[in-house]
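Structure record follows, encoded as structure tokens.
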Amino acid sequence: MIELLSFSKVRFKVILTILILHSMLSFSANKYNVIPYPQQLIPQSGSFVFNANTRVVCDLNQTEIRKLATQFSEHFQVVSSLKLNVSTFQSDTTNTIILENTKTENLEGYHLTVTNKTIRIKAR
């Protein structure tokens, strides 16, 4: 009986240790809340800061992209109270979110680049 209790305690400790390690590894692997999570993520220093001057930039001649930019701006305003203006490409891309349509094999694939000045999303 004592051997069984001792074995159960050891087994419980091993299982608990595995669960703790697994949760720590899962947390560090998903440090960035991006959905869908990219196949490759290369962390960089710095961060992009949204403010009243942040713009969403896209090719306004592309109807689907313009609709997505407008929807994003509207949803962003609901959750943050900041209105992001939607405009066409300009030479100054500081403080902008750039949406670009790109030809890619993967229908669900995307390329996301974040710097302290821009967020660039390329997708099909």
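Quick note: the coordinates plus some simple rules give every number you see, no bench work behind them. The shown structure was predicted, so the numbers you read here are calculated from the model rather than taken from an experiment. Note that we place each Cβ from the backbone using ideal geometry, even for glycine, and neighbour counts take in every protein chain shown.
Among the criteria (1) farther than 13 Å from Ile121 by Cα; (2) free of Cβ contacts under 8 Å to residues at least 60 places away in the same chain, the one Thr96 does not fulfil is (1). Looking only at residues of segment 48-93 that are acidic (Asp, Glu) and over 20 Å from the mean Cα position of the chain (by Cα), we find that the one that is surrounded by the most Cβ atoms within 10 Å (Cβ to Cβ) is Asp59. Taking segment 35-47 as the range and being surrounded by 11 or more Cβ atoms within 10 Å (Cβ to Cβ) and under 22 Å from Lys103 (Cβ atoms) as the test, only Pro38 passes.
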